[in-house]
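Here is the structure we will look at, set down as C-alpha cells.
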Amino acid sequence: MTVDQADDVAAPAAMGGRRARHAAAVHTPWPDVPAHAPTRQHTVPAATARPVPAPGLAGLWPTPHSGAPRTARRVLPAEMSAPKAARDFAQATLREWDVAGNREDVVVAVSELVTNALRHGMEGLPQPLPLCPIQVVLLGHARRLVVVVTDPGRRIPEAVAYDPDWFGDGGRGLLVVGAVSDSWGWARLATGGKAVWAAFDL
C-alpha cells in the first residue's frame, strides 16, 4: 500500500494541538471524500479543564507548500515490534534532516499512530494479513513536517476523552497526538484503508 498523493501532503497548521493555531488555514479535500464531508468544530478548553481530544480533520489533508518535500518511507509488519521500529526510523530520519526543535514530539506521534494502526487497523481483515500492512511516511519542508501512517483498516479514528476514573489500556493515542502536534486528521485511501496524519510547525 502506498500513500495516495503523499508527496502533496505538506502542512500548514489548523486545529487541535498544543500550539497557537492559524484560524484561517485552508485544507485540501481528499479526492474520494465529498467536499461537504462534515468536520467537528474545535472548542478550546479552559486552562483548568480536563484534556479534551483535539478534533481530527476528517477527509482533509494539510494544504501543500510549494515545491517537493523531502520524503522518507518505511513499511512495517503487523507485529509488536512495529512501534519501536517506527520510532527508530523517525529518529534516524529527523537526525539526517537536521530537525531539532520538535524531534521528541514527532517521535511520540509516530509511535502513537503506529500503535493505533497495529491495534485498530487490522480489525476485521481477511487472513492472512499482508506481509507489511503499515506504512510510515515523513514529509519535510523548511517550516513544516507531516507524519503519515497508513493501515488497511476501515475503522474511523476518533480520540477518546480523558477520564481520570478510567484505567483502560488504550484509547488515548489520538489524545496524545492532538496534544503534541499542530493539527491532525485522517482520510480514506483510494487504494483501500486509511491514512492518519499529524502536522508540526518547525
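Put in order of Cβ neighbour count within 10 Å, fewest first, the listed residues I134, I156 become I156, I134. Amide H contacts of S181: R18, each under 5 Å away and 5 or more positions distant or on a separate chain (H built 1.01 Å from N in the peptide plane; Pro and chain starts excluded). Ranking of R74, R87 by neighbouring Cβ atoms within 10 Å, starting from the fewest: R87, R74. This ranking places T191, T71 by how few other beta-carbon atoms lie within 10 Å of each, fewest first, which gives T191, T71.
Here, each number is a calculation from the coordinates, and none is a lab measurement. The model shown is predicted, which means the values in this text are computed figures rather than measured ones. Because the Cβ atoms are built from the backbone with ideal geometry, glycine has one as well, and the counts that use them run over all protein chains shown.
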